[in-house]
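Everything below concerns the one structure shown next.
Values quoted throughout were computed directly from the atomic coordinates according to the rules given, and no laboratory measurement underlies them. Computed from a prediction, not measured in an experiment: that's the story for all the values here. So basically every Cβ, Gly included, is an ideal-geometry build from the backbone, and we count neighbours across all protein chains shown.
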Amino acid sequence: MQPRCTLIHAVAVVAAAAALLLPPLAAGQPWPTCDASAGTRCSSAAPNDSTGGAGVVAAYDRAVTELLAATVRYAVEENPARLFATGQRVGDDARDPGFRNIYSMAQCSPDLPPASCRRCLDGVLARWWEVFPLNGEGARVAGARCYLRSELGVGPFYTGAPMVVLRADKV
């Protein structure tokens, strides 16, 4: 019996070493894998701000915050059975140069009561700009109980129509 245990132990040691040396698998996730120092946070590079200086940066940051808040609200208040929502802010080229479409997602663990989900997501949102750089192109926080993400892009990172749609001309 001793040789069989030694073989199992050797296989386990090799598997553990491979897991430490190989990069983490993206598991089909549509976002890039972050480095190990990012932990459960990841942020994309800031968008190019060549059209309007600090005013454009502030408008973009405000637009992201408004969309994330609306997505959190919908996930908890309009979809409490799933505690999930997706969102899109449709910009106006004249008002929002460089950030026409912003996409978002909010989700909680299904075993959380809606009030606990709201506290978790509100806590993440309250620290959003402390954790991520201002004018960040995209970012996500994936915790054990709730998840919040935003991306600037030409198309959504999720499938299906957004549950929340904010229009720049209506905000």
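Numbers at a glance
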{"read-out": "Residue exposure sequence - D92, D61 - by fewest surrounding Cβ within 10 Å", "value": "D92, D61"}
{"read-out": "Range of Cα positions in the range 118-168 per principal axis (Å), largest first", "value": "26, 24, 20"}
